[in-house]
Amino acid sequence: MSTTTARASLAATPSPEERSAARTNWLRAAGTEAKLLLIGIPVLLWTVIPIYHLVLFAISPKQDAMSGALFPAHPTLQNFKIVFGQNHYFLSNFWQQFWNSAVIAFATGVLTLLIATAAAFAISRLKVKGGRTVMNMALFTYFIPAAFLAVPMYKTMGAYGLLNSKWALILAMVTIASPYAIWVLKQASDKLPVELDEAAIMDGASPPQLFRFVYLPLMVPSLVAIGVYALLLAWNEYLFAFLLLSRDTDVTLPVALGSFLAADDSPWELLMTTGLIYALPPAAIYYVFKRYMVGGLTAGAVKS
């Protein structure tokens with residue numbers, strides 16, 4: 001019995017070669033982790049420090065905002081009270097401008113979804129003639145920087161009498177967001193089994209019924225991702241909003257924030273507070289739909 005136990009113990013003891021290989025693997029894994037930390041820590045600091053300063057200014061009194069302290073000696077929520085109460089010259093239309101941003105962003109998301117979903121369905125599932133050519137031509141528009149399209153867009157909206165109207169910015173944002181949205185949805189649509197369409201058609205489904213009862217339910221993750229993408233694109237837009245809207249009651253909040261810099265003594269604490277408030281809705285939307293964003297925007301990226 002003791003001889004058998006001794007043999008089993010000897011067999012379980014790793015050999016010098018096995019110990020050396022295990023040590024090598026451990027060192028290799030530790031080296032990989034160290035490299036990732038060397039890259040990840042600077043990236044984390046690069047991302048977090050601006051957000052930290054944003055929060056720092058937002059909770060600092062005016063006299064302490066530029067003190068350079070790591071944390072204000074007397075933190076306060078007075079800046080938020082001023083912003084919410086519109087108790088400053090630059091904030092006299094804060095809630096109206098916030099509402100303008102929300103309406104334009106929401107409308108852009110909805111219209112982009114309607115156009116891109118219909119186009120992707122027609123190109124991918126109905127195989128309309130020339131569909132792929134149209135999609136490729138639309139993607140080629142991204143070779144032109146958006147800034148170069150600003151003046152032609154301004155003249156176009158002026159010709160149709162849409163300047164200083166929310167529709168001017170909505171249509172401009174839909175124009176910019178749609179090509180990418182169509183491409184993503186088309187790639188995701190190509191991954192759906194063709195047999196589902198064939199079975200639905202055999203059961204007598206018409207193209208509208210195929211679109212409603214088969215296509216849309218299966219495309220929900222990608223639709224949510226594209227809707228959020230278009231919404232955030234319009235929410236953060238500055239250049240086109242600056243050109244197409246001019247009245248204080250019509251502009252979006254990003255344009256209004258730019259007016260803070262026009263003064264010689266800019267209220268930085270109020271600027272940062274307003275920026276922090278404006279950043280919260282898209283952050284919340286992203287985290288609510290994060291799993292859809294990751295899955296939807298990568299759908300169709302790899303062919304099976």
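The values are calculated or read from the model by the stated rules, or taken from the named source; none is laboratory data. All values reported here derive from a predicted model rather than from experimental measurement. Reconstructed Cβ throughout: ideal geometry from the backbone, glycine too, with neighbour counts over all protein chains shown. The area values use the complete protein model at the heavy-atom level, side chains included, leaving out ligands, DNA and RNA. Shrake-Rupley method; radii C 1.70, N 1.55, O 1.52, S 1.80 Å.
Please report the carbon-and-sulfur percent of the accessible area for the chain; probe 1.4 Å, protein heavy atoms only, DNA, RNA and ligands left out. About 70 percent, which is the carbon plus sulfur part of the accessible surface. Just report the Cα centroid separation between region 76-113 and region 142-199, whole Å. Computed from Cα coordinates, the inter-centre distance equals 25 Å. Counting 0.36 nm for each residue step from residue 213 to residue 156 and taking away their Cα separation leaves a gain of 16.7 nm. Applying 1/(1 + (r/R0)^6) with R0 = 35 Å to the Cβ-Cβ distance of residue 34 and residue 261, what FRET efficiency is obtained, to the nearest 0.05? About 0.25, to the nearest 0.05.
For residue 280 and residue 190, the FRET efficiency from 1/(1 + (r/R0)^6), where r spans their Cβ atoms and R0 equals 25 Å, is about 0.10.
Model label sites at residue 141 and residue 55, defined 7 Å from Cα along the beta-carbon direction, differ in position by 4.0 nm. Applying 0.36 nm per residue to the separation of residue 80 and residue 201 and subtracting their alpha-carbon distance, the gain on full extension is 37.8 nm.
Take residue 165: with every protein chain present and a 1.4 Å probe, its accessible area is about 30 Å². Heavy-atom accessible area with a 1.4 Å probe sorts 212, 291, largest first, into 291, 212. I'd like the projected area of the chain, averaged over all directions, using the convex hull of its alpha carbons. Report it in nm² with one decimal. Reported value for the Cα convex hull: 29.4 nm². Of 121, 71, the residue with the largest accessible area leads and the full order is 71, 121 (1.4 Å probe). Normalising the average separation of contacting C-alpha pairs (under 8 angstrom, six or more residues apart) by the number of residues puts the relative contact order of the chain at 28 percent.
Select from 152, 41, 241 the residue farthest towards the positive end of the dipole of the chain; place +1 on Cβ of Lys and Arg, -1 on Cβ of Asp and Glu, and compute about the Cα centre. The Cα lying farthest towards the positive end belongs to 41.
Estimated at 0.36 nm per residue, the fully extended path between residue 46 and residue 246 surpasses their Cα-Cα distance by 68.5 nm.
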